[in-house]
Each structure stands twice: as structure tokens, then as C-alpha cells.
1. Hey, B:PHE63 hits all of (1) at positive phi; (2) within 11 Å of chain A (Cβ to nearest Cβ) but one; which does it fall short on?
2. Which of the residues belonging to the range B:46-68 are part of a helix (DSSP H, G or I) and within 18 Å of the chain's Cα centre (by Cα)?
3. Which residues, taken from the range A:4-32, are part of a helix (DSSP H, G or I) and at the interface with chain B (Cβ under 7 Å from one of its Cβ atoms)?
4. If B:ASN77 passes every condition in (1) loosely packed, with under 15 Cβ neighbours inside 10 Å; (2) more than 13 Å from the chain's Cα centre (by Cα) but one, which one does it miss?
5. Given the criterion surrounded by 19 or more Cβ atoms within 10 Å (Cβ to Cβ), on the phi < 0 side of the Ramachandran plot and of a type in the set (S, T, N, Q), identify the matching residue among A:ASN365, A:ASN361, A:ASN320.
6. Filter the range B:140-152 down to residues that are under 15 Å from the mean Cα position of the chain (by Cα) and either modelled with pLDDT of 90 or more or within 14 Å of chain A (Cβ to nearest Cβ) (or both) and give me whichever is farthest from B:TYR83 (Cα to Cα).
7. Which members of the range B:38-52 meet the condition of being surrounded by fewer than 23 Cβ atoms within 10 Å (Cβ to Cβ), in contact (Cβ under 8 Å) with a residue 24 or more places away in the chain and more than 10 Å from chain A (Cβ to nearest Cβ)?
8. Within the range B:66-87, track down each residue that is without any contact (Cβ under 8 Å) to a residue 40 or more places away in the chain and under 16 Å from B:TYR25 (Cα atoms).
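The values are calculated or read from the model by the stated rules, or taken from the named source; none is laboratory data. Predicted, not measured: the structure shown is a model, and the values here were computed from it. Reconstructed Cβ throughout: ideal geometry from the backbone, glycine too, with neighbour counts over all protein chains shown.
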Amino acid sequence: MREEKNIDRLFQEKLKDFEVLPPNKSWNFIEQNMVVKSPKKKTAFWMRVTSIAAMLLAFITLGNKYIAPNNFSEIQQFIFKQKDTIKSIVQTGEAKTQTLLKNGTLKLPTKVIPLNAQKQITETELEEFTILEKVRQKQPNVSFTLKDGENLPLNKEISAPEFSKEKRWSIAYNVAPIYFSSFGSSSSPVNHELENNSVSGKSNFSHGIKIAFKLNNKFSVQSGVNLVGVGYTTNNIQLPPGVAIISLTDIAGISRTTSKIPAGSYTKKMEKPGSYPNSHTGSIDQVFGYIEIPLEIKYQITGGKLGVNIVGGFSTLFLNKNELLIEADGFRTSIGEASNLKDINFSGNIGVDVDYLIHKNIYINVSPMLKVQTNTFSKSTGDFQPYYLGIYTGLNFKF
Amino acid sequence: MSLNKLIKQCALNDKTAQATVYELYGSKLFALCLKYSNNKQEAQDNFQDGFITIFHKIEQFNFKGSFEGWMKRIMVNTVLQKYRKKNVLNIVTENIPDEVIVDVDEDEVSLDMLLKLIQELPERYRLVFNLYVLDGYTHKEISSFLNIAEGTSKSNLSRARFILKEKVESILSDQISG
């Protein structure tokens, strides 16, 4: 019976449970494609794993060759040993056969033939071995792998420290001769009354421990502890005979000021050599030392076996030694300590730091540094601005 | 064996399990391909490619929805991917009414005839009619599947309905007159 019907409904109802058996050959096609594709996938995976393993092996082998070349000869020695063993086995075999033949207990045994054959093969193999080795010894890069390896950065000697890239810490013990001097006028800061006396720096000494931490490829931060001893000499001091220095305003704690002569008259005499009849000419040494704690940034210019860095930073210096000495006619006498030295002062540091690899993690470290001190003196009279130059030399251990 | 275990076995590339899945769902999926394709040969190609994809991706099935629905989506997607490759031109939107009524006696209409009519539709119309009417996708979904505007999807559907109506009526009138 005819009726008006929504076309969607017509199709939906008719096709609702619509099923058609697929052609028979379809399953075969699907099955075949499944079989082909799955092993392909697996092969690809295993090929990837194998190739990665092979590459690793090649790297390790090459690495061993270049880093520890003795290993190669060890392998050779091993091969030689094996050859000897094989030879002796073969010889023993021969001897046994001969014994058996002599005794006449056996007729020409069939085993002799394979043994001889084995011997021949072994000898040939051995000869091949020897030839191969000779070729290798003459031309070590004859094989493909090694030729390839030549182009690898692994080959370069500089690559050795690159393996220690992960080594971020380094600790160094340094010793440095120090030359102490001043930028300003060379007048003495000991006392304003000695302003006109010439001053010369004294060579001194610093030693300590330096610890650095590598922040990234270029920058490191370093600190440590140094014991610094510096000093300078105020020349041409006029000394009255038999008397110790009386009272320079900036000298404290003089225990041996026994003179009854008024202070003023003597200090005046000291300024002018020869003004006191029996006076001696001498010098005042001011010696002081610090515990230095630097905080510096290192910027790497070159790395590897020879590492060159620029260093900049500052140090905090804690006064731990302070002494004034008078030297005249070969005598040296402590006259107390200077009161014009600040207990804490600072220095700005700049220099170069050079590391040279000597063994595994150990480097020779040479670091010329210029350290300019600020507010060394609480009431400096002249414009004495001290600096010191040190060539810090020592051993550096990286880990 | 439960369906879930069967699916897991298929994921392990178990031949028997794969054959069982094929036995269970092959007819339904082949019918689906017949509707979406314009002839039996094309349907067979789509069916085979779709089934291979199903077995390759079966380990990705998360056991949450219907397995049959999941397989049907893969089949439809296989067909649509081929369609996208063909890059059929867009057809301009027309204003055609939503409902199309056909004057028909259902007993006179065979399933084979309806299937043939669907297959004869131009590709775009066939896909939209199948997706919207027979598999219940929305115009929004269809527009994203086929990378066309929603309006285009609606327009294509209307065109498909009219073509089908005309063909059904013409066949029926032929049958009466014949």
C-alpha cells in the first residue's frame, strides 16, 4: 500500500540491520597484510636497537683506542697467546699420533687426516692473522671503522677533558709571591709626620685554598680562603741613639717607651736626617696580614686541556697581623702595632686563571691577579692606595 | 572467551582472535562500506583497508565505549580519508526544505535497490547522507570530517534527499507502468 513517507525514515528502516558477508578473499588479503606488516614493525624495532648498540660499541672501541691505546696491544698480545695455545695443541696432537704409530698399536688412523687438515687450516689462519696484524701495525687506519674514527672529535687530544664535562667542582691549593705597592704618592701612611719619607713595597707571600663551581659552559663562581701577608718599608728614619721610638700618633701599645725625653723634640729630629748629632738612619717596616675571602666570577675563554679564564671579583680582608718594626744598623725591633689599619677592608680583583691538564683530574693552575685595596687605612695621611700583585700558582683538582 | 579478552588477544597479534573478530563484525562493517562507497569493488577496498587499520590500532582501544562503534568509526574514517585525498570541490549552498516526502509502498522497495541508489549518489552527497541519516552524526561533526561548512553539509544532504526521492519515485513508476 502506498503512503507518504519521509525519505530518511525509508532508508533508516530498510538499512537498519543491514549486513552483507564480505567476499571470501577479503580475509586472505587482511591476513596477509597483517602478517607482512607486523614482522616489518618488529624488524624495524630490532634493527634500531641493534644499530644503536653497534654505534655505542664503535664509540667505546674508538674511545678505548684513543684514550688508552695500550688496550689495543693487549688485545694483540691476547691473540698471540691464543695462537701459541693453538700451536701447542696441534703439536701435542701430532706427537700423540706419532707415538701411536710408533707403538704400532694402530694402523694409520683415520683421525690423522682431520688432525692434519685441522693443522693446515690453523696454520693458514695463523698466517692470515700475522699478515693482518702486520698490515695493521704498518697502517693502523687501514680499516673502514678506524678511518671513520679519524674524523671524530674523539680523536683530538683536547677531547680528554670533555669527558669530565660533568665535573663541575674544582679545588685548588695556591701559593703566590706578592708584590705590594701603592697607586698614590709613595709617601708613608704610617704617620703624618713621616709623610715625606719615601716608601717602598715589600715582596710578600700568600697561600690558600680556592674552590670553584661551574655554573655553565662559560661561567664559574669561585671562593676560598687565603692568608695574605703584605708590608712596606718607610725609609730614611732618623733614630736617636739608645732610645726606642717614643710616640708616633698612630702607633699603639708600645711597651718599651722608657725615654723621659719629651716626645715632640724627637719626632722632629726623625724627619730630618743628620739633625741629631749621634743619630742612626733606619727604616720602619709595617707588616700586616689578612685572611682573605674572595668571591669571584670566572669567564672561560678556552676549555679543554688548556683552560684560560678571565677572573673578576672582590675580596673581603680580615686583619689578622699588624706589626711595626724598626730596622737600623742590622737590628730589627718590634715597636707595636699600627692603629690606622682597619680590621676589615675590601679589594677589587682582576686577573687571569690558566689551567693546564697534567693527569686525569689534576691541573696546574697559574693565576696572575691584581688586587686593589680600598679603605685599608682608617686615617691615611698620604694618598696611599695599596694594591698587590700576586702570581698564584698551584694544583687544581676537578671533580 | 569474553569480548575484552578477544580484543586483548588481537592486540597480541593472535591470528585466531583476529579471525573471530572478523567473523563477528565483518558483515556489519562490509555493509557499512557498501553504503559509503559507490560500488562493490570500492566497498571491498575500503573494508579491507579499514580492517587492517582496526587490527593495527586495536591496542589503542580503551574498553570504555562500544567496540563495534569504535570499529565503525575507523571504517568511516578510512572512507573519508580517501575522500579527502580526492579533494572534491565544494558545492554552493542552496535553500531546500528539511523534510522530503516520498510516495511509496515499502513492500515494493527492496534493500538492494536502496543500496544501489545510495551508491549512485555523487560522492559528497552519499557521504553526507550516510553520516547524517544512517549513522546519526550532526552537521557540525560532518563539517569537521569533510572540512566543509555546516551550511554546505545541510545543502548536500538536501540535494541527496531530492535525488533519492526522484529516483525512488521513477523506479516505482517504471515498475507500475512496466
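1. Failing condition for B:PHE63: (2).
2. Hits for the range B:46-68 are B:ASN46, B:PHE47, B:GLN48, B:ASP49, B:GLY50, B:PHE51, B:ILE52, B:THR53, B:ILE54, B:PHE67, B:GLU68.
3. Pass one, the range A:4-32, residues part of a helix (DSSP H, G or I): A:7-15, A:24-32.
Within the range A:4-32, A:ILE7, A:ASP8, A:LEU10, A:PHE11, A:GLN12, A:LYS14, A:LEU15, A:SER26, A:TRP27, A:PHE29, A:ILE30 qualify.
4. Tallying (1) loosely packed, with under 15 Cβ neighbours inside 10 Å; (2) more than 13 Å from the chain's Cα centre (by Cα), B:ASN77 fails exactly one: (2).
5. On the way: A:ASN361 fails: surrounded by 19 or more Cβ atoms within 10 Å (Cβ to Cβ); A:ASN320 fails: surrounded by 19 or more Cβ atoms within 10 Å (Cβ to Cβ).
Among A:ASN365, A:ASN361, A:ASN320, only A:ASN365 is surrounded by 19 or more Cβ atoms within 10 Å (Cβ to Cβ), on the phi < 0 side of the Ramachandran plot and of a type in the set (S, T, N, Q).
6. Of all residues in the range B:140-152, those under 15 Å from the mean Cα position of the chain (by Cα) come to B:141-142, B:145-146.
In the following step, the residues that additionally are either modelled with pLDDT of 90 or more or within 14 Å of chain A (Cβ to nearest Cβ) (or both) were identified as B:141-142.
Numbers: B:GLU141: 16, B:ILE142: 13 Å.
It comes out as B:GLU141.
7. Step one: filter the range B:38-52 for residues surrounded by fewer than 23 Cβ atoms within 10 Å (Cβ to Cβ), giving B:38-42, B:44-45, B:48-49, B:52.
From what is left, the residues that are in contact (Cβ under 8 Å) with a residue 24 or more places away in the chain are B:38-39, B:49.
Residues satisfying the conditions are B:ASN38, B:ASN39.
8. B:SER66, B:GLY69, B:TRP70, B:ARG73, B:ILE74 - these are the residues of the range B:66-87 that are without any contact (Cβ under 8 Å) to a residue 40 or more places away in the chain and under 16 Å from B:TYR25 (Cα atoms).
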